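Below you'll find the structure, written out as structure tokens, and then a few comments.
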Amino acid sequence: MKRCLVCDDHALMRTALAGAVALAWPDAQVRTVQDFPEAWEAAAERHDLILCDLGMPGADPLTGIGRLLEVCGGCPVLVVTGNEDDAVLLPLFELGVAGFVPKSAGGEVMEAAMRIVASGSLYLPPRLLNLVAQGRPEAKTNGSAG
């Protein structure tokens, strides 16, 4: 049975993400938390996948996700975010997150990304994949080219 940790400070997003997990893995056990300190504590338990928002109380994104990666015992962390700032996302990828799913993505993208990272591979949206493949050329910051 799969175990998934869902971390988001918005109740509606926690419910939606838990629902996405249930669609992909109907028998999965899902635990939800609403801030980074809760996420760090919960991540110390064994999970097959962690879905995590960037903007949660308790830490800045880099510190919060970095600590989550330290305590999760190698569990893949899939960041689900509305943030498209490459200056934030690319350092997180370098820390070891398994991928990113924009909150604007559809359910089929979310399900595919979950399956991909749970199988041990990485998932990046096409724009980030191109940046990583090209060695981080001109990263997009705050929604503008440049």
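The values are calculated or read from the model by the stated rules, or taken from the named source; none is laboratory data. Being a predicted model, the structure only gives us computed values, none of them experimental. Here the Cβ positions follow ideal geometry from the backbone for every residue, glycine too, while neighbour counts run over all protein chains shown. Note: accessible area is taken over every heavy atom of the protein model, side chains too, but ligands, DNA and RNA are not part of it. Shrake-Rupley method; radii C 1.70, N 1.55, O 1.52, S 1.80 Å.
Worth pointing out:
- Rounded to the nearest 500, the 222 nm mean residue ellipticity of the chain from helices alone is -13000 deg cm²/dmol, with -39,500 (n - 2.57) taken per DSSP H run of at least 4 residues.
- Anisotropy class of the stretch 13-52 from Cα gyration tensor, a/c 1.5 cut: oblate
- Annotation: residue 12 carries an accessible surface of approximately 140 Å², with a 1.4 Å probe and no ligand, DNA or RNA atoms counted.
- Solvent-accessible surface of the chain, averaged per residue with a 1.4 angstrom probe and all protein chains in place: 48 square angstrom.
- To put it simply, the accessible area of the chain at a 1.4 Å probe is 54 percent carbon and sulfur.
- Helix axis angle, 107-118 relative to the chain longest principal axis, alpha carbon, degrees: 80 degrees
- Given a 1.4 Å probe and the protein chains as shown, residue 14 ends up with an accessible area of around 40 Å².
- Span from the the stretch 55-95 Cα centroid across to the the stretch 1-34 one, whole angstrom: 17 Å
- With the convex hull drawn around the C-alpha atoms of the stretch 63-109, the volume per residue stands at 74 Å³.
- Per the Cα gyration tensor, the chain maps to an equivalent ellipsoid with semi-axes of 23, 17, 14 Å, ordered largest to smallest.
- Placing +1 on each Lys and Arg Cβ and -1 on each Asp and Glu Cβ, with no other charges, gives the chain a dipole about its Cα centre of roughly 320 debye.
- Within the shell defined by Cβ-Cβ distances under 15 Å, the residues around residue 120 carry a net charge of +1, with Lys and Arg each +1 and Asp and Glu each -1.
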